Amino acid sequence: MSIPTSTRTRVWTLDEVQQLGMTCDVPTAAEILGISRSLSYRMVQDGTFPVRVLRLCRAVRISVPDLLAYLGAPLTTTTTANRPQPLAT
């Protein structure tokens, strides 16, 4: 017996989460954590969201590096070869 499509949840890979950048919106963070959108907004409002919440005027953003740390993802380091080179002046 298969699970109905409407109850399936997306599983995020580490690479997908890292490619989000420095912040993401609340529904995306909720999906990554496997919690409902409404619960995540309630937690943001109550101050109980498990990672740093950034409030920029009316926008609410979630710190992706903090989200990765909360999930126990390995820290990535930038090697010298991967660092951008300064512009010549």
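Quick note: the coordinates plus some simple rules give every number you see, no bench work behind them. Note that the coordinates shown come from a computational prediction; the quantities given were computed from them, not determined experimentally. Cβ placement follows ideal geometry from the backbone for every residue including glycine, while neighbour counts extend to all protein chains displayed.
Using a cut-off of 14 Å between beta-carbons, work out the net charge of the residues near residue 26 (Lys and Arg +1, Asp and Glu -1, residue 26 not included).
Numbers: positive: 37, 42, 52, 55, 58, 61; negative: 25, 31, 46, 66.
Neighbour charge sum, excluding residue 26 itself: +2.
Using a simple spin-label model with pseudo-atoms 7 Å out from Cα toward Cβ, residue 25 and residue 70 lie 1.8 nm apart. With contacts taken as Cα pairs under 8 Å and at least 6 residues apart, segment 11-72 reaches a relative contact order of 39 percent. For residue 49, nonlocal amide neighbours, meaning residues 5 or more places apart or on other chains whose placed amide H falls under 5 Å from its own, are 44. From most to least packed by mean Cβ count within 10 Å, the peptides 46-53, 24-31, 68-75 give 24-31, 46-53, 68-75.
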